[in-house]
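Enquirer: Here it is, the structure in full.
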Amino acid sequence: MKKPRILSGMRPTGPLHLGNYMGALENWVGLQDRYECFFPVVDWHSLTTDYANPGDVRLNVIEVATDWLAAGLDPERSTIFVQSLVPQHAELHLLLSMITPVPWLERVPTYKEQQQNIEGKDLSTYGFLGYPVLQTADIIIYKADAVPVGEDQAPHIELAREIVRRFNGLYGEVFPEPQTLLTEAKRIPGTDGRKMSKSYGNAIYLKDDPETVRQKLRPMVTDPARKRRTDPGDPEICPVFDLHKAFSPQSTREWAAHGCRTAGIGCLDCKAKLAEHMLEKLARIQERRPALAARPDTVWDVLLAGSKRAREVAEATMQEVRSAMKISYEKP
Ligand code: SF4
């Protein structure tokens, strides 16, 4: 039986951290059993916010793809590719932009939010406003049945459905409406207690070796009430405990919560235990990654082969689109 198709992508931000892994990548690895998966590194999307300073995009693409493969994305089962190597995405984006009303884009919650919150970047651009249209093109060009996303991205999928309905209403049924496959949100704080992010300098990376992971955890912020070893604390307000919730089994979580409340354990004991469980989880990735990092050409080969396959699927859809919109000039 044909598996349903899904698509999800990541921007090429360089090496991935635990927030990227627990928030998306770990889930993707499991989805490969049940779905036909398309996973693009969406390099054009990074230009919607970082057009002035794109950085070393090629290197960042390779870093992301290396982490993907180390984590268990399997090019035999999934199409792993680079968005800009499939120019059909840009063509569909252009055509969809003809039918998408501007107010639909202005009311996407992340549009205003990011304009207000991202400092030092001029986001009053056409590309930034239209990025959900590009995202829609990314999804529907493969006729994806569903998109695995966190709750914050759900309005984008709703918008994609609206655009699909408008397209199909105008030109005939070409696209299925993509469904949202909600990914459970886990809070993954960085070492300073804020959301883990490369730009905050608080991230633990998949490529960090065990000693680096331990070193980063040791000074991590905790419940400020625990100034001395004898002071009891509250695990529910401690970011280290949030990480226990994501990485440690129930028995360790109970040990940490009880030891914290009764001052039976010190924060360094608590962090050492967390490091053990975190490293257990990362062991397979850390085992596989060095060999992949030593052969960037092999990782490129995977991306090039995936992009070729993606182009074939995307071009087949575009032929239907051009014909539906009466802009097909192929010989009859
Ligand atoms: S014992 Fe653990 S949970 Fe409690 S404050 Fe220290 S690090 Fe946080």
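Each reported figure results from applying straightforward, stated rules to the coordinates on display, with no laboratory input. Computed from a predicted structure; not experimentally measured. Methodologically, a virtual Cβ is constructed for each residue, glycine included, from the backbone with ideal geometry; neighbour enumeration extends over all protein chains shown.
Enquirer: Separation between the Arg218 and Ile99 pseudo-spin-labels, each 7 Å from Cα along Cα→Cβ, expressed in nm?
Expert: The answer from the label model is 6.0 nm.
Enquirer: What share of the DSSP beta bridges in the chain is antiparallel, in percent to the nearest 5?
Expert: In the chain, approximately 10 percent of DSSP beta bridges are antiparallel ones.
Enquirer: Follow-up question, since we're still on this one. Work out, in µm²/s and without decimals, the Stokes-Einstein translational diffusion coefficient of the stretch 21-108 at 37 °C, 0.692 mPa s, Rh from Kirkwood over C-alpha pairs.
Expert: Calculated translational D: 218 µm²/s.
Enquirer: Report the local net charge at Thr183: Lys and Arg +1, Asp and Glu -1, summed over other residues whose C-beta lies under 10 Å from its C-beta.
Expert: -2
Enquirer: In 5 Å bins starting at zero, report the fraction of Cα pairs in the stretch 28-168 per bin as a rounded %.
Expert: 2, 8, 18, 20, 22, 17, 10, 4, 0
Enquirer: In debye, nearest 20: dipole of the chain around its Cα centre with unit charges on the Cβ of K, R (+) and D, E (-)?
Expert: Dipole size: approximately 420 debye.
Enquirer: For q values of 0.14, 0.21, 0.24, 0.25 Å⁻¹, compute log₁₀ I(q)/I(0) with the Debye formula on a Cα-only model of the stretch 104-201, without solvent.
Expert: So the normalised log intensities are -0.66, -1.14, -1.26, -1.29.
Enquirer: Using the Cβ atoms and a cut-off under 13 Å, what net charge is assigned to the surroundings of Ala310, where Lys and Arg are +1 and Asp and Glu are -1?
Expert: Charge balance in the 13 Å sphere: +1.
Enquirer: Quick check for me: using +1 on Lys/Arg Cβ and -1 on Asp/Glu Cβ, what's the dipole size of the stretch 157-266 about its Cα centre, in debye to the nearest 20?
Expert: That gives a dipole near 460 debye.
Enquirer: Obtain the nm distance between the two label points defined at Gln179 and Glu119 by a simple spin-label model: each point lies 7 Å from its Cα along the Cα-to-C-beta direction.
Expert: Computed distance between label sites Gln179 and Glu119 equals 4.4 nm.
Enquirer: Considering the options Ala283, Pro296, Ala257, tell which one lies farthest towards the positive end of the dipole of the stretch 234-332, charges being +1 on Lys and Arg and -1 on Asp and Glu at the Cβ, about the Cα centre.
Expert: The residue sitting farthest along the positive end of the dipole is Pro296.
Enquirer: Could you name the lysines in cross-link range of Lys326, using Cα to Cα under 21 Å and dropping any fewer than eight places away on the same chain?
Expert: The qualifying lysines are Lys143.
Enquirer: Show me 240-246, 303-309, 158-164 ranked by packing, highest mean number of other Cβ atoms within 10 Å first.
Expert: Taking the mean over residues of other Cβ atoms within 10 Å, the ranking is 240-246, 158-164, 303-309.
Enquirer: Another question, if that's okay. Checking a compactness column here: for the chain, what do you get for Rg(Cα) / (2.2 N^0.38 Å), N being the number of residues?
Expert: 1.11
Enquirer: Rg/Rh for the stretch 205-269 to two decimals, with Rh computed the Kirkwood way over all alpha-carbon pairs.
Expert: 0.98
Enquirer: Using 27 Å as the Cα-Cα cut-off, could you pick out the over-long pairs in Lys198/Lys308; Lys186/Lys207; Lys186/Lys271; Lys198/Lys245; Lys207/Lys273; Lys207/Lys227?
Expert: Violating the 27 Å Cα-Cα cut-off are Lys198/Lys308; Lys207/Lys227.
Enquirer: With N set to the number of residues, divide the alpha-carbon radius of gyration of the stretch 35-83 by 2.2 N^0.38 Å and report two decimals.
Expert: 1.25
Enquirer: Let me ask something additional. Once the convex hull of the alpha carbons of the stretch 235-332 is built, what does its volume come to per residue, in cubic angstrom?
Expert: Hull volume over Cα atoms, normalised by residue count, gives 182 Å³.
Enquirer: Ok, one more. How large is the dipole of the stretch 1-80 about the Cα centre if only Lys and Arg carry +1 and Asp and Glu carry -1, each at its Cβ, rounded to the nearest 20 debye?
Expert: In debye, rounded to 20, the stretch 1-80 gives about 340.
Enquirer: Rounded to whole Hz and in sequence order, give me ³J(HN,Hα) for the stretch 62-70 from the Karplus expression 6.51 cos²θ - 1.76 cosθ + 1.60, θ = phi - 60°, writing x for Gly and Pro.
Expert: Using θ = phi - 60°, the values come out as 5, 4, 4, 5, 5, 5, 4, 5, 4 Hz.
Enquirer: Continuing with this model, one more query. For the stretch 46-154, what does the relative contact order come out to in percent, with C-alpha contacts under 8 Å and a separation of six or more?
Expert: 35 percent
Enquirer: Simple spin-label model, 7 Å along Cα-to-Cβ: Tyr200 to Asn168 in nm?
Expert: Each label point lies 7 Å from its Cα, and together they span 4.0 nm.
Enquirer: Here is a further query. Taking the beta-carbon count within 10 Å as an exposure proxy, list Tyr142, Tyr131, Tyr329 from fewest neighbours to most.
Expert: Ranked by crowding around the Cβ, least crowded first: Tyr329, Tyr142, Tyr131.
Enquirer: Would you mind checking the stretch 191-227 for residues with the amide N under 11 Å from a putative spin-label position 7 Å along Cα→C-beta of Asp152?
Expert: Counting only backbone N, you get 195-197.
Enquirer: Explain nothing, just compute: Karplus ³J(HN,Hα) = 6.51 cos²θ - 1.76 cosθ + 1.60, θ = phi - 60°, for every residue of the stretch 32-45 in order, whole Hz, x for Gly and Pro.
Expert: Result, ordered by residue: 4, 6, 9, 10, 8, 10, 10, 10, x, 8, 8, 5, 5, 4 Hz.
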